[in-house]
Amino acid sequence: MPTTDLIITGSGILGLATAFLAHRQGRTVRVIDRSDRPVGSSIQNFGHACFTGQSDAAQPLAEKSRAGWLDAAAATGLWAAETGTFIPAMTSAELTVLEEFAAHRGPDQVRLLTPDQIAEAVRNPGLNAVGGAHLPWDMRVDPRQAAPQIAAWLAEQGVEFTWNTHVTEVADGTVTTNRGNFRAEQVVVCPGYQLTSLFPEIAEAHEVRICSLVMSLIEDADRFPRGFAMLTGTSLARYDGFAAMPGAEALRRELDEREPRLRTCIANLMVTDIPQGLLIGDSHAYDLSPEPFIDEEIADLLLDRATAMLGIDRPTVRQRWLGMYADSPSTNLILERPDDSTTVAVVASGIGMTLAFGIADLIVSGGSADI
């Protein structure tokens, strides 16, 4: 039976970040995945490392994750841009939240912008914003390249990858698969929303479900700088850091009246770039077994609102898809150890790319966190 120091099940960004840190510690590592390459949640998202918008409690973890991304980029050559995030404030309620957040976090994390400055930043001179902000600490990666590139580098460094292999059970250092059993001193299980297949009791205890998101890729007219990222007022009502500000409740009430359709589809309207164009999204729908169909009305709504802010009159859509990730209504992170040899780790909200390396540090160190 093959034996190693550490087995990781799941080649998403959390599993790969854990493999990266464990390899750096000199441990022998094997990664087992049911697919033949990373194709899940980690390639379906914006590639937006929104460290600043996370809660105050999550900031130490965000700081470790940022350092981890920079370390991984230096080692593997993956693109990681320290370009920050721009947030236009279209109303006084949005500006109030940004001003409160800037006062709370300070100028190193939040830089307020004038209407002209934010219009220039989002490349739309006609933007009718009342102000805005830049979050310089945030980063960008290419979600379609980051996980595959880390996996390829790890393989070159001697990490074993067992692809196209379905894990059916994990307990006491033994990983049971459709290709036989594997043994390790420690096993880290990073199954994402497939947690219910391996540890249904843990999934049920945290009410784990699948969040599906309507996403689009449009052509970029080369107006936007590499590493562009934009959040909007809906983001201020959603991300824990912004949402904790005193003015957030008034903003939510205003959005309910001003943008009821965005609020109904639980939108976090945002835009980032990749070499193929601009990523636009997203909505949020929750189900244990979501159907695969894209609601064209929601897709068009997100596209219309985003391109209006960017001053793009006739967007050309190149792709649409449903992104999916694990979600829990009670926690952002499931980190449990059902036996002495097993760690189960699932990011149960849409912050996996942001906090992957920080959470990986908790996993390899045996720590815990309430975020």
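The values are calculated or read from the model by the stated rules, or taken from the named source; none is laboratory data. All values reported here derive from a predicted model rather than from experimental measurement. Quick reminder, even Gly has a Cβ in these numbers, built from the backbone with ideal geometry, and neighbours come from all protein chains shown. Heavy atoms of the whole protein, side chains included, go into the accessibility calculation; ligands, DNA and RNA do not. Shrake-Rupley method; radii C 1.70, N 1.55, O 1.52, S 1.80 Å.
Antiparallel as a % of all DSSP beta bridges within the chain, to the nearest 5?
Around 75 percent of the beta bridges assigned by DSSP in the chain are antiparallel ones.
With the crude spin-label approximation of a point 7 Å out along Cα→Cβ, what separation in nm comes out for GLN117 versus ALA152?
Simple spin-label model gives 3.9 nm for this pair.
How many percent of the accessible area of segment 215-371 is carbon or sulfur, using a 1.4 Å probe? It would help to have the intermediate numbers written out before the result.
Values: 2940 of 6550 Å².
C and S atoms contribute 45 percent here.
Can you pull the percent of Cα pairs in segment 249-371 with separation above 19 Å? Please report the intermediate quantities before stating the final value.
Values: 4586 of 7503 pairs.
Value for segment 249-371: 61 percent of Cα pairs lie more than 19 Å apart.
How much of TRP153 can a 1.4 Å solvent probe reach, expressed as accessible area in Å² and rounded to 10?
40 Å²
Of the heavy-atom accessible surface of segment 77-135 (probe 1.4 angstrom), what whole percent is carbon and sulfur?
Values: 1290 of 2590 Å².
Whole-percent figure for carbon plus sulfur exposure: 50.
I'd like to know which of TYR325, THR9, ILE266 lies farthest towards the positive end of the charge dipole of the chain, counting +1 on Cβ of Lys and Arg and -1 on Cβ of Asp and Glu.
In the chain, that residue is THR9.
In nm, to one decimal, how far is the modelled label at ASP5 from the one at ALA67, with both set 7 Å along Cα→Cβ?
Taking the two extended label points, one gets 2.0 nm.
To the nearest 20 Debye, how big is the dipole of the chain about its Cα centre, given +1 on the beta carbon of each Lys and Arg and -1 on that of each Asp and Glu?
Value, rounded to 20: 680 debye.
Leaving out ligands and nucleic acids, and using a 1.4 Å probe, what accessible area per residue does segment 252-345 come to in Å²?
Details: 4590 Å² over 94 residues.
About 49 Å² of surface per residue is accessible.
For the chain, what are Rg and Dmax over the alpha carbons, in angstrom?
Cα radius of gyration and Dmax of the chain are 20.5, 65 Å respectively.
Would you mind telling me the share, in percent, of accessible area of segment 1-42 contributed by carbon and sulfur at probe 1.4 angstrom?
Values: 710 of 1550 Å².
Carbon and sulfur: 46 percent of the exposed surface of segment 1-42.
Pairing the Cα long axis of helix 92-105 with the longest principal axis of the chain, what angle in degrees results, from 0 to 90 and rounded to the nearest 10?
Around 50 degrees separate the two axes.
Considering only LEU78, ALA103, ALA133, whose Cα is most displaced toward the positive end of the charge dipole of segment 69-140, charges sitting on Cβ of Lys, Arg (+1) and Asp, Glu (-1)?
LEU78
Quote to one decimal, in nm, the extra length available between SER92 and GLU336 on full extension: 0.36 nm per residue of separation minus the C-alpha distance between them.
Values: separation 244, 0.36 × 244 = 87.84 nm, distance 4.29 nm.
Fully extending the segment from SER92 to GLU336 adds 83.6 nm.
Can you work out ³J(HN,Hα) from phi for every residue in segment 58-70, in order, using Karplus 6.51 cos²θ - 1.76 cosθ + 1.60 and θ = phi - 60°, giving whole Hz and x for Gly and Pro?
Working through the residues one at a time gives 8, 5, x, 5, 5, 5, 5, 5, 4, 4, x, 4, 5 Hz.
Please give the contour-minus-distance gain from ALA75 to ASP172: 0.36 nm per residue of separation, less the Cα-Cα distance, rounded to one decimal in nm.
Working: separation 97, 0.36 × 97 = 34.92 nm, distance 3.28 nm.
Here the segment from ALA75 to ASP172 would lengthen by 31.6 nm.
Along segment 157-172, what does the Karplus equation 6.51 cos²θ - 1.76 cosθ + 1.60 (θ = phi - 60°) give for ³J(HN,Hα), rounded to whole Hz, x for Gly and Pro?
Working through the residues one at a time gives 7, x, 5, 7, 10, 10, 8, 6, 10, 9, 7, 10, 7, 9, 6, 6 Hz.
Heavy-atom accessible area per residue, segment 91-245, 1.4 Å probe: how many Å²?
Working: 6470 Å² over 155 residues.
Value returned for segment 91-245: 42 Å² of accessible area per residue.
Positive end of the charge dipole of the chain (Lys, Arg +1 and Asp, Glu -1 on Cβ, about the Cα centre): tell me which of PHE20, TYR286, ALA49 has its Cα farthest that way.
The one lying farthest along the dipole's positive direction is PHE20.
Sorted by average packing, counted as other Cβ atoms within 10 angstrom per residue and highest first, what order do 212-218, 99-105 take?
On the way: 212-218: 23.1, 99-105: 17.4.
Going from most to least packed, we get 212-218, 99-105.
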